[in-house]
Amino acid sequence: MKSLKYIIPLLAMVVAFGSCEQEWPVFPPPNTPIPPPSPDPSPGSADFTKFVVLGNSLTAGFQSNALFDAGQMNSLGNILAQQFSLVGGGEFVQPEINSENGFNSLFSDLSDANPANWVIKGRLILAGNPPLPSPTDSDLGAVPVPTVNPGFVYTGAPINNFSVPGVLLGQALIPQTGDWNLAGLDPRFNPFYARFASNPGTSTMIGDAVAAGGSFFTMWLGSNDVLLYAVTGASGQAPLTSASDFAFQYGAALSIITTDPDIQGVVANVPDITSLPYFKLVPWNAIPFANGDPLINLANQAYSLYNGGLAQAAGAGLITAEEAQRRTIQFAAGTNGIVVADETLTDLSGLGLPAIRQATEADLIGLTAGVVLGTLADPNNPLSIIGVAVPLEDRFTLLAHELAEVQASTDAFNAIILNTISAIGVDDRVAFADINKAYKDLVDQGPQLIDGVAVSAGLAPPTGIFSEDGVHPNSRGYAVTANVFIEAINAKFGAVIPKANIGLFPGNGLPQ
């Protein structure tokens, strides 16, 4: 099958690939009736004197695939604390990251022994034509390596925000998460906890949060237990927590954080990652050919041996006729499916036939695929075009069976979260914020006006409330999310906490 490596000489010049472009929504003139007088702010039966946050990237202020100063200042925790200050909330301290662009692990390269040669990238911005999420430059002051960047370790005042980007639910319960001795050796270690751990290697995230002595808490954990698995294409790079493990860990976490019988709080569920922009912006059929283009025939000729081999395998009974048809690669005028790897296909490697096919509308393509589609797998071979001659790697795609697995896990986790509140008997003092429903409603209802500001469940400026990574909200999106929490708190505790004015928080910048 060597012919697959040499599709056609001029293909790179004529095939255009899909990007993350979006149409800007058009809004009708808003109706602006005079609102009724607002009641005076009140804490109701809740006590916000000492507010403590336990969570992951979604509460740390992580956005655009990095934790950086501006994002951290507009973290969900900090926005809630600002609103709580109107009803008796006290000072709220976060472990400052002190970096303008932060550290982007996806695009950085710290493999060289000499730090002077490290490639250090930061937060994403929209750039290029067509605009794609592109990393900014960062510096040594952002890298999570204390031997090179001593300032990474937090040494300031006692904190209220115990949020760690990338952390799984179970990692909040174990000391290995903050043990610097495990750096680079154990996947349980996370430098973003170690940097502020009270006793690295001994303390735990949840133990430190409880020790802060809060009167009110927010716990938003569990998203990464399915999200990381999904955004890496269910490729094995990140684990998918089982429902049984999740139930045990969530029960333990909520029991520990509510040990003080007087503490009150709010928990949130897991957003469905497959409904967010990350899996909505790069189409499955991102390979267009113009009508009558003679290169269509040349492209099909390049796969003739592969397709013929499938027919022979079907004739020999090695695969069904249906599988042979599913695997057949055929280009035509119009948009065509991306060539992807699919490990569920019958192994025909003994015949020299790879497990590949063209994507269908049942498959989801990750946003990061937009960076590699159309580039060369081999820089020295101008014909090695990813997505056409070279299949898109598994880590960039969520195939139909993987999508079902992710959605089933999300549903199971969310049922566990809701049931655990009752199971451990804290219904009277723990509110529930249904963030999954709030995000889905925004997707289903389309663009809308909030506080006179146009918002949509995308990342395209000026309306998008998700940051350039397609997963995390931007600052405006975190304000929208904070208001969902506030609604849940007000309903549970009879409080009158004013919602955040989302017009005061920035969205994504225009493409550069």
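Throughout, read-outs are computed from the coordinates displayed, never taken from laboratory work. Note that this is a predicted model, so its numbers are computed, not measured. With ideal geometry, Cβ positions are generated from the backbone for all residues, glycine too; neighbour counts draw on all protein chains shown.
Percentage of Cα-Cα pair distances in region 100-152 greater than 18 Å, rounded to whole percent?
32
Quick one: plug the Kirkwood hydrodynamic radius of region 255-390 (C-alpha pairs) into Stokes-Einstein at 20 °C, 1.002 mPa s, and report D in µm²/s.
Taking Rh from Cα pairs, D becomes 120 µm²/s.
7 Å from Cα along Cα→Cβ at both Ala332 and Val119: what's the point-to-point distance in nm?
The modelled label-to-label distance comes out at 4.0 nm.
Can you tally the lysine pairs in the chain where the Cα-Cα distance is under 19 Å and the two residues are eight or more apart, or on different chains?
So the count works out to 5.
How large is the Rg to Rh ratio of region 71-131 when both quantities use alpha carbon positions and Rh follows Kirkwood?
Dividing the radius of gyration by the Kirkwood radius yields 1.18.
Diagonalise the Cα gyration tensor of the chain and give the resulting equivalent ellipsoid semi-axes, square root of 5 times each eigenvalue, largest first, whole Å.
43, 25, 23
Using the crude model of +1 on Lys and Arg Cβ and -1 on Asp and Glu Cβ, and no other charge, please compute the dipole size for the chain relative to its Cα centre, in debye to 20.
It works out to roughly 420 debye.
Roughly what % of DSSP beta bridges within the chain run antiparallel, to the nearest 5?
55
Given charges of +1 on the Cβ of Lys and Arg and -1 on the Cβ of Asp and Glu, with all other atoms neutral, how large is the dipole of region 162-273 about its Cα centre, in debye to the nearest 20?
180
Rank the residues Thr463, Thr344, Thr232 as a footprinting-exposure proxy: fewest other Cβ atoms within 10 Å of their Cβ go first.
By the 10 Å Cβ count, ascending: Thr344, Thr232, Thr463.
Counting each DSSP H run of 4 or more residues in the chain as -39500 (n - 2.57), what helix-only mean residue ellipticity at 222 nm follows after dividing by all residues, to the nearest 500 deg cm²/dmol?
Value at 222 nm, helices only: -8000 deg cm²/dmol.
Taking region 324-403, which GluC sites (Glu not before Pro) meet the DSSP loop condition and have no more than 14 other C-beta atoms within 10 Å?
Listed in order of number, the matching sites are Glu343, Glu361.
Under 5 Å between amide H atoms, partner at least 5 residues away or on a different chain: which partners does Phe217 have, H built in plane at 1.01 Å?
Amide H neighbours of Phe217: Val52, Gln264, Gly265, Val266.
Membrane-span-like helices in the chain: DSSP H runs reaching 30 Å or more (Cα, own axis), mean Kyte hydropathy at least 0.0?
The answer, listed by residue number, is 400-423.
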